[in-house]
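Asker: Once you've had a glance at the structure underneath, I'll fire off some questions.
No value in this document is a laboratory result; all are computed from the given coordinates. Model, not experiment: these values are computed from the prediction. So basically every Cβ, Gly included, is an ideal-geometry build from the backbone, and we count neighbours across all protein chains shown.
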């Protein structure tokens, strides 16, 4: 197994794990984001904070999982480079 394959597997596992953690804690992440917007931008931040829903962290989590799966498939089936 080459160094590139090992690094690819580590990256894939890390991104899949990060995606799962993001989906599990999506409500907490959305609340942190809303609070950061309120603290940083005042009145405008309050309007932005109302749009901070748990759906966006879930979408990001799914994206991370997809990146990890594609990376893992590229390591398993390298194709011709």
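Asker: Extension gain residue 70-residue 43, at 0.36 nm per residue separation less the Cα-Cα distance, in nm?
Answerer: Length gained, residue 70 through residue 43: 5.6 nm.
Asker: If you don't mind, there's one more thing I want to ask. What distance in nm lies between label points placed 7 Å from Cα along the C-beta direction at residue 20 and residue 60?
Answerer: Taking the simple label geometry, residue 20 and residue 60 are separated by 2.0 nm.
Asker: Okay, next question. How far apart, in nanometres, would the label points at residue 6 and residue 28 be if each is projected 7 angstrom from Cα along the Cα-to-Cβ direction?
Answerer: The modelled label-to-label distance comes out at 3.3 nm.
Asker: Could you work out which residue, out of 58, 14, 36, moves most in a Gaussian network model of the chain, that is, has the largest mean-square fluctuation with Cα springs under 10 Å?
Answerer: Maximum among the listed residues: 36.
Asker: Let me ask something additional. Give, as ranges by residue number, the residues of the range 47-81 whose backbone N falls under 20 Å from the point 7 Å along Cα→Cβ of residue 36.
Answerer: Inside the label zone: 47-65.
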